[in-house]
1. Based on what the data block shows, is S189 in contact with a Ser or Thr (Cβ under 6 Å, 6 or more places away or on another chain) and within 16 Å of the ligand (Cβ to nearest atom)?
2. Checking the condition out of contact with any strand residue (DSSP E or B) (no Cβ under 7 Å at 6 or more places or on another chain) and closer than 30 Å to V458 by Cβ, which residue from L130, L120 passes?
3. Out of all the residues in region 223-237, is one or more within 16 Å of the ligand (Cβ to nearest atom) and small (G, A, S)?
4. So which residues in region 429-461 are closer than 11 Å to K137 by Cβ and surrounded by fewer than 19 Cβ atoms within 10 Å (Cβ to Cβ), if there are any at all?
5. Quick one: how many residues across region 117-135 are within 15 Å of the ligand (Cβ to nearest atom) and surrounded by fewer than 24 Cβ atoms within 10 Å (Cβ to Cβ)?
6. Going by what's in this entry, would L286 be described as within 15 Å of the ligand (Cβ to nearest atom) and assigned to a strand (DSSP E or B)?
7. Can you tell me which of T141, T168 is under 19 Å from the mean Cα position of the chain (by Cα) and away from the ligand (no atom under 16 Å from the Cβ)?
8. If you take the residues of region 56-91 that are touching a Ser or Thr at 6+ places or on another chain (Cβ under 9 Å), assigned to a helix (DSSP H, G or I) and not polar (S, T, N, Q), which of them is surrounded by the fewest Cβ atoms within 10 Å (Cβ to Cβ)?
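None of the figures in this text is laboratory data; all of them are computed from the coordinates on show. Predicted model, so just to flag it, every value in this text is computed and none were measured. So basically every Cβ, Gly included, is an ideal-geometry build from the backbone, and we count neighbours across all protein chains shown.
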Amino acid sequence: MKTTSPSSPITEPPQAGRVPDSDQFRTPLFDAMVDLAESRKVSFHTPGHKSGKGISTRFRKYVGPKIFTIDLTTLDEVDSLQKPTGVIKEAQELAARAYGADRSFFLVNGTSGGNQAMILAACRPGDEVLVARNAHKSVITGLILCGARPVFFAPAFDEEWKVSLNVTAEKVRAAMAAHPGARTLILTSPNYYGISADLERIIPEAQARGLAVLVDEAHGPHLRFHSSLPLDALEAGADCCVQSTHKIIGGMTQASMLHLKGERVDRERLIRVLKSLQTTSPSYILMASLDLARMQMATEGEKLLTKTMQLAEEARARIAQVQGLDCFGRGAFREREIGDLDVTKLTIGVWRLGLSGYEVSQILNHRFHIQAEMADPFHVLVIVSIGDRKDDLQRLVEALRVIAREQPAGGPSDLARLSFPFLRTETMLTPQEAFFAPAAEVPLARAVGRVSAEIVTVYPPGIPLLIPGEVVSEEILTRLQQVLSLEAMIDGLNEENTHLRVVRESVVGPVRKQTLGEIQK
Ligand SMILES: Cc1ncc(COP(=O)(O)O)c(C=O)c1O
């Protein structure tokens, strides 16, 4: 953990090593794109809109003409993502320096593509892999592509805050002890709610046992740039991590980065995998946004994040005072030694109002024109970022006050009785075996006891309730019905949310009845 106390002010001087080196002001890829656009060369290459001349007029009128002049393709002047030797190479090297990586790679298919690449680079078919069950579905699709055998262990559900915490060092230790053959550990930290695992303890222990540690750090591209944020994965010693630059800082949607450190993950294989998974026509606009977002964070991240954290903390304090609402803060995590919290995430507990997070999210949107990042049965989650202003947060707090006033807390609420811990179930097949097995759709009520062929998630956050190979238990069916009745968005059932694809019994019957692994405690 970084060494600030829970109550320490957010404004702190940059730490040694965090002072930007002057190179970090450079944006080689973006500069080369602008130079090329301004040179007005005649283009007989893709994209077919030819610097916007062929783009639809409505599109050009709305966004203006300039953006199309930098919608480029792989050309000498702007380098190749598949085989970078020029400005993309330089931009990636600057990113690696800013993030403390040996190598950084630009991703144009989000963190989803990065998670898949990191798994394919580190694991082989049949390998036993320890996976924290709060993984995004892209971790599961990575396992499907790879054919590895996951052993899941789950974080605890906090009954007081009604939120899923992150995995503990003890859980990871138990998983490692029960599966000494595993060579890879996959964590998600921070989770969607900004709750990070105790990476400082977990990573060295896992590596000492010979495991490579891969971290889905989709929600942490900013952590490195402020000493009052939780420790980032690379600083804690992770071998590989993936970050959604687009989710939290200045990348454009889909733009993410993968960072590699050390020798535990094979660099050459990673490069081969990225070449296989990434498009041969990457968007230069997305890649430029990565170049610029890195420059922005490395040169003024501390200042921008200080302001962001102050805005978030002020809003948190005011929300926590509203009768019927909750908004946990960082201090409680430190006191209870349950990881750490990125304070730029506001997890607003609304269940005491007798309203679900989904309902409050709808009210905020339709009545107050405020769009939250995510809702769950108990909360609305708000991301506060370097793009937010004081007015935006004031509007949010005011709207929440009105909602709470009109819906006074204290009445009987079914939600208060609900609890959504991760559900354990038997695993009969690997995700890959189940994904490719002959399957059929059955009504949900008849799915109990069958093996899922699908990834079923509530979206967002996209954490699977069921993954291919897992047995549908009564409990899982009940949970599905509960979240459906709360009108959550479910992905992985049929269009009407009435049927699930399950592996045919003829396959599962003769297949070895083997629990692939579930760490219970
Ligand atoms: C923890 C986590 N990992 C990965 C992803 C996928 O990231 P992306 O949308 O950049 O593909 C998400 C998206 O919500 C996520 O929350």
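1. Yes.
2. Testing whether each residue is out of contact with any strand residue (DSSP E or B) (no Cβ under 7 Å at 6 or more places or on another chain) and closer than 30 Å to V458 by Cβ leaves just L120.
3. Checked region 223-237: at least one residue is within 16 Å of the ligand (Cβ to nearest atom) and small (G, A, S).
4. Y459, P460
5. Counting residues in region 117-135 that are within 15 Å of the ligand (Cβ to nearest atom) and surrounded by fewer than 24 Cβ atoms within 10 Å (Cβ to Cβ) gives 2.
6. no
7. Every option except T168 fails the conditions.
8. Among them, the one singled out is E77.
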